[in-house]
Structures are given as C-alpha cells and as structure tokens.
Amino acid sequence: MTDAAATYAEFHRRSLEDRDAFWREQAKLIDWKAPFTTVCDASRPPFVRWFVGGTTNLCHNAVDRHLADRASQRALIYVSTETDQERVYTFAELHAEVQRMAAALLALGVGTGDRVLIYMPMIPEAVFAMLACACIGAIHSVVFGGFASVSLANRIDDAEPKVVVSADAGSRAGKVIAYKPLLDEAIRLARHKPPKVLLVIVGLVGRGRHAGRQQPLPQVELDRRDGHPAAPAQLSHSHLVIIAPLGG
C-alpha cells in the first residue's frame, strides 16, 4: 500500500469509527457564522441532521473567505474546445462576477428560499449563477443546456422558479444551439410561468426578446437597491441549496 493509500485508509477509518470527532475536525476548515451544537443528530432514523444549530454560507466558503490572502490566485479556469476560448478568473474576479449575478437576481426579486432554474451552456456564467444563488440563499436547479422544450417545461413545473437564468445560445459538438427559442417554447408549455428570465448574451446567434420577461445581464447594475454588494445570507444547517433531478 502506498503512503497516499495508507493515509486515505486511516482518514476513512476515522470517519466511520469516530464519526463526530472526525467531522467536528473537518468543520473547522470552513467559516461558521454561528457554531453548530451537534455534529450529527440521528435520533429520528432513517433521517439524519448534520451540524445542528450552525449557520454558514457555501458561497462565502467557496469564494469570499479566500479574498484576504488569495485574491490574486486563480480560482476558475474555463477552457472551451467548442469556441477555442480560455478565460481565467482570480478569486477577486470571481467574487466580482458572483456579486454582479447576485445583484441581478436580487433586482429581479429573488430572495432566500426562492427557486432559480439555471438553463445554460458550460460557460463561466453558469458557475456565477450557482454561486450567486448560494450567496443570497436561493435554491437553484440546473438543467442540462440544450434540453428539449418538453423536458425543460417539466423541470420548470417541478421547481416553480421565480427566475430562469439562461443564455441566448450554446455550442455542442461544433453545432450552435439557440437556447432562447427552446426556453420560450418550454415556458409556453409549462403550467408555471416564471416571471423573469435573466439572459446571458453569448453572441453565437441573433436573438429576440419576449417583452416584459427577459432582462439582459449586462444591463443590470451591480446592486440597484443601495449600491453595495450582496452580503452572503447566513443559512441554517437544514437550508436547501439545490434541486438535483436525475437524468439532466
């Protein structure tokens, strides 16, 4: 057994044999706004509650807490074989993009506990949207970009999102796929009608906008409310973060 394998085996053994002490130790590696009182509450099997009483924010731990010492380090590297693009974001740049997306969602009325459906190609803005939802306490549901309108309509009805974050188009296997017509048709078919769509303009195709529904991301100011960045919402141990349907 290699040293790495032996280290992992010991790490895994402790997680099973000394569960609470192990996870209490791991929890020290992230920031908590309010400390948890119980590591694992298994008093109502088969249901289990982890880190009971604690409050934190996933976006803060993924991005914000690194700004003090690692602002200029690479945080996100985007490489597209479809468009031959490469973009690198430092923690400071990633934080700014997440804040811009969070401010756009807040301006559209999204708050803690609201659902946001993300229907995007594999571009950095999809990551910004997921992190922005975590920042403000919204629950996000990611749908595979290019999904057929009927299937997308089902996901819209399942999540009942307040906002859909999408793009005008994406590219897959060398083929440009116009997302907006697929999304418009999905909204027509869905029982639930999302009040707004936050549209990221990739620029691969021409576009038309549905009056009163789409708000282009570049035209949304950082924070329309008071000019200050969006503060991460402090969420309880049981707060739902993501709706993750199987199969796309």
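Some points to look at:
- Some residue of the stretch 21-32 being under 14 Å from SER238 (Cβ atoms), touching a strand residue (DSSP E or B) at 6+ places or on another chain (Cβ under 9 Å) and either not in a strand (DSSP E or B) or not assigned by TED's automatic domain parsing to the domain that holds CYS135 (or both): no
- Selection over the stretch 150-193 of residues that are closer than 17 Å to ILE139 by Cα and among the acidic types (Asp, Glu) gives a count of 3.
- Cβ-Cβ under 7 Å pairs, at least 6 apart or on other chains, the stretch 171-185 side over 17 Å from ASN154 (Cα atoms) and touching a residue at least 60 places away in the same chain (Cβ under 8 Å), far side crowded, with 17+ Cβ neighbours inside 10 Å and among the small types (Gly, Ala, Ser): ARG172/GLY146
- Within the stretch 33-50, the set of residues being closer than 30 Å to GLU97 by Cα and in a strand (DSSP E or B) comprises just one member, ALA34.
- Scanning the stretch 146-165 for residues that are crowded, with 23+ Cβ neighbours inside 10 Å and either at pLDDT below 95 or among the hydrophobic types (A, V, I, L, M, F, W, C) (or both) yields a count of 5.
- Some residue of the stretch 202-212 being surrounded by 14 or more Cβ atoms within 10 Å (Cβ to Cβ) and modelled with pLDDT of 80 or more: yes
- Residue match in the stretch 71-92 (condition: out of contact with any Cys (no Cβ under 6 Å at 6 or more places or on another chain) and in a helix (DSSP H, G or I)): yes
- Filtered by the rule that a residue be over 29 Å from ASP31 (Cα atoms) and outside any helix (DSSP H, G or I), the stretch 139-160 gives VAL143, PHE144, GLY145, GLY146, PHE147, ALA148, GLU160.
- Members of the stretch 170-188 that are in a strand (DSSP E or B) and surrounded by fewer than 23 Cβ atoms within 10 Å (Cβ to Cβ): SER171, ARG172, LYS175, VAL176, ILE177, ALA178
- Screening SER80 with (1) at pLDDT below 95; (2) more than 30 Å from VAL197 (Cβ to Cβ) gives one miss only, at (2).
- Those residues of the stretch 110-138 which are surrounded by fewer than 24 Cβ atoms within 10 Å (Cβ to Cβ) and in a loop (DSSP other than H, G, I, E, B), in sequence order: GLY111, THR112, GLY113, ASP114, MET122, ILE123, GLY137
The values are calculated or read from the model by the stated rules, or taken from the named source; none is laboratory data. Note that the structure is predicted; figures quoted are calculated from it, not measured. Neighbour counts are summed over all protein chains in view; Cβ atoms, including those assigned to glycine, are modelled from backbone coordinates with ideal geometry.
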